[in-house]
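The values are calculated or read from the model by the stated rules, or taken from the named source; none is laboratory data. These figures come from a predicted structure and were not determined experimentally. In this analysis, Cβ positions are derived from the backbone assuming ideal geometry, glycine residues included, and neighbour counts consider all displayed protein chains. Just the protein is used for accessible areas: all its heavy atoms, side chains included, with ligands, DNA and RNA removed. Shrake-Rupley method; radii C 1.70, N 1.55, O 1.52, S 1.80 Å.
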Amino acid sequence: MAILDWIGERSGPTLQSEGVLLRPPRPADYEAWAALRAASRDHLVPFEPTWPEDDLTRSAFRRRLALYGREMDLGTAWPFFVFEAGMGQLVGAVTLSHIRRGVSEAGTLGYWIGQSHAGKGYCTAAVRGMVAFAFDTLKLHRVEAACVPWNVASRRVLEKAGFEAEGRARAYLKINGEWADHLLYGRVDDRHGGGAAEAPGEDHSDA
C-alpha cells in the first residue's frame with residue numbers, strides 16, 4: 001500500500017493497493033456512486049442495513065459527505081471509495097469506523113463492491129490496503145470485521161486479507177430489517193511483539 005497524496009485532514013489520503021485507488025468520497029462522485037448503488041441494489045440489500053427511502057438522492061449524499069468529514073476530523077472513521085486504478089472507475093467502498101484509542105487501538109472494517117465488479121479481486125485489494133493504512137499510518141493494533149454466515153464471498157475476502165475467524169455473535173446487527181447472526185473476524189498487527197499475553201501464572205513448561 002502506498003500513500004500517493006496527503007491533501008489534508010478533511011480530504012484525507014489517497015492510497016494505492018494492488019490495482020485499486022482508495023480515497024475519501026467527493027461531491028463530484030455522486031452520479032457514479034448513485035448509479036453503481038442503484039444497479040447493485042438486489043446484490044447488496046441482503047447484506048446491508050435497510051436503505052432509507054431517499055438513500056440515493058443528491059441531498060442524502062451531501063449529508064453522507066458531511067458526516068464523513070466530521071468523522072475524519074475527529075479521527076473516528078476513514079471512509080474511502082474504491083476505484084479501479086487503470087480507468088479510474090468507481091467499483092465500491094471500504095470504511096474503517098468505530099476507531100477506539102487508548103487501551104483498544106482498534107477499528108471496525110466494512111466494505112461493499114458493485115455487482116458488476118464482484119469477483120475481480122477489487123474488494124480483497126481494498127481491504128488489504130485499508131488494513132495497511134490502519135497499521136502503518138494510523139498505528140492501530142487491531143482491525144475487526146463481521147459478516148453474515150451466508151455471505152461466502154465476504155468471508156473469502158477477509159480470509160485472503162489475513163483475518164482470522166474468532167467466533168459467532170447472535171443477533172449482532174440488523175441487516176435488511178432483521179437481526180442477524182454474524183461471524184466475527186480479526187487481524188492484529190503483531191509485528192512488534194503485540195500478540196496476546198499469557199495469563200499471569202500460566203505454566204507452559206510441560207507443553
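Taken over the stretch 134-154, the criterion of being open to solvent by less than 40 Å² (accessible area, probe 1.4 Å) and either closer than 20 Å to L90 by Cα or outside any helix (DSSP H, G or I) (or both) is satisfied by L138, L140, V143, A145, A146, C147, V148, P149, N151, S154. Scanning the stretch 178-186 turns up one or more residues that are modelled with pLDDT of 95 or more and either in a loop (DSSP other than H, G, I, E, B) or within 24 Å of S17 (Cα to Cα) (or both). When the residues of the stretch 27-42 are filtered to those that are open to solvent by 60 Å² or more (accessible area, probe 1.4 Å) and in contact (Cβ under 8 Å) with a residue 60 or more places away in the chain, the one that is farthest from I175 (Cα to Cα) is A39.
Per-residue answers, yes or no, for (1) charged (D, E, K, R); (2) closer than 19 Å to M130 by Cα:
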site: D54; (1), (2): yes, no
site: A60; (1), (2): no, no
site: A106; (1), (2): no, yes
site: G110; (1), (2): no, yes
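Annotation: of all residues in the stretch 167-186 being open to solvent by 90 Å² or more (accessible area, probe 1.4 Å) and touching an Asp or Glu at 6+ places or on another chain (Cβ under 8 Å), the one that is farthest from V94 (Cα to Cα) is R170. Residues that are of a type in the set (S, T, N, Q), more than 20 Å from V20 (Cβ to Cβ) and under 15 Å from the mean Cα position of the chain (by Cα): does the stretch 123-143 have at least one? Checked against the condition, which is being of a type in the set (S, T, N, Q), more than 20 Å from V20 (Cβ to Cβ) and under 15 Å from the mean Cα position of the chain (by Cα), the stretch 123-143 yields no hits at all.
Filtered by the rule that a residue be in contact with a strand residue (DSSP E or B) (Cβ under 8 Å, 6 or more places away or on another chain) and closer than 22 Å to N151 by Cα, the stretch 41-72 gives L44, P46, F47, E48, P49, T50.
When you scan the stretch 158-166, do you find a residue that is touching a residue at least 40 places away in the same chain (Cβ under 8 Å) and open to solvent by less than 20 Å² (accessible area, probe 1.4 Å), even just one? Within the stretch 158-166, not a single residue is touching a residue at least 40 places away in the same chain (Cβ under 8 Å) and open to solvent by less than 20 Å² (accessible area, probe 1.4 Å). S40 falls short of the stated requirement of being at pLDDT below 95 and under 19 Å from the mean Cα position of the chain (by Cα).
In the set R58, R128, only one residue is surrounded by 16 or more Cβ atoms within 10 Å (Cβ to Cβ), of a type in the set (D, E, K, R) and in contact with a helix residue (DSSP H, G or I) (Cβ under 9 Å, 6 or more places away or on another chain); that residue is R128. Within the stretch 1-13, the set of residues being open to solvent by 20 Å² or more (accessible area, probe 1.4 Å) and either modelled with pLDDT of 95 or more or in a strand (DSSP E or B) (or both) comprises A2, I3, L4, D5, W6. The set of residues from the stretch 77-120 being in contact with a Ser or Thr (Cβ under 6 Å, 6 or more places away or on another chain), touching a residue at least 60 places away in the same chain (Cβ under 8 Å) and not in a loop (DSSP other than H, G, I, E, B) comprises just one member, Q115.
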